[in-house]
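The values are calculated or read from the model by the stated rules, or taken from the named source; none is laboratory data. Small disclaimer: the values here were computed from a predicted structure and weren't measured. Cβ: placed from backbone, ideal geometry, glycine included. Neighbour counts: every protein chain shown. Remember, those area values only see protein heavy atoms, side chains included, never the ligands or the DNA or RNA. Shrake-Rupley method; radii C 1.70, N 1.55, O 1.52, S 1.80 Å.
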Amino acid sequence: MWAAGLDGHISPFRRGPTIGVEKSFSDVMDDLNFGGFINIWGRYDRFVFSGDIMYVDTTDSHSAGPLPAFTIPGVGVIPPGGNINAKVDSKQFTATLMGGYRVIDTPQFTLDALGGARFWHISNDVTLTGSLGGMSGAVSYDESFGWVDPLVGLRAFLPLTEKLSLQGQADIGGFGAGSDLTWSALATANYVFNDHLSASVGYKVLDVDYDHSGHVYDTRLSGPVLGMTYRF
């Protein structure tokens, strides 16, 4: 579980206005339709593999009214008293795949060098519903965009006792190939119950600055993480 809040600036549609967004984890949960996050690690000898997938589907609604009279070019004057409801359905899919080599492998400390890519896909669907008196009408528009960021990173593991350990992973990428810059960091404290099961608690940050072809997605997801690991 990643209890992430959202902070940043986005333009949901190509060459649309850039909107400031600041939501706590409780705000995100209020808007959440579905979400999930999973992380997988594998190792063979000194060769390592890392993968994670995140999917978030939220719906946010806002209403305004009754409105004063206003003019729409080509239509004319809209009388006062109307109401407008806007519903925005946003979906974000992120997948990170990395491989590498264990450059330090001792009982006291391990360090992995990593390289790979992060895949992004963002979609937004906006529905505007207007009503005036007994009349109403609605219009919808949807748009999606995506990109791929190259990444380099490190992962470290530090045993403290037989059952307690610290783990950290960080990566940086983009470099103008996809986004201008993206980076992430994850730090956890881990407790081993047995040979197969352990629990982790920590903090994760995922930051991206994407501005291309009229789309803007400059955001930071951050918050505490709580998880269980099954080793086989």
Once both labels are modelled 7 Å past Cα along the beta-carbon direction, what's the Thr129-Asp142 spacing in nm? 1.8
Most fluctuating residue given options Ser90, Ser50, Ser140, as computed from a GNM of the chain linking Cα atoms under 10 Å: Ser140
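Please work out the average accessible area per residue across the chain, using the 1.4 Å probe convention, and give it in Å². If you can, show how the numbers build up before the last one.
Details: 13390 Å² over 232 residues.
Averaged over the residues of the chain, the accessible area is 58 Å².
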Mind checking segment 198-232 for trypsin sites (Lys or Arg not before Pro) that DSSP puts in a loop (not H, G, I, E or B) and that have at most 16 other Cβ atoms within 10 Å? Arg231
In the Gaussian network model of the chain, springs joining C-alpha atoms below 10 Å, which of Thr94, Thr106, Thr18 carries the largest mean-square fluctuation? Thr106
Ignoring any ligand, DNA or RNA, what whole percent of the accessible area of the chain comes from carbon and sulfur when the probe is 1.4 angstrom? 63
What figure in square angstrom, to the nearest 10, would you give for the accessible area of Ser165 with a 1.4 Å probe? 10
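So how do Glu162, Glu22 rank on accessible area, 1.4 Å probe, biggest first, that is with the largest at the start? Before the final figure, lay out each step's value.
Details: Glu162 175, Glu22 155 Å².
Solvent-accessible surface, decreasing: Glu162, Glu22.
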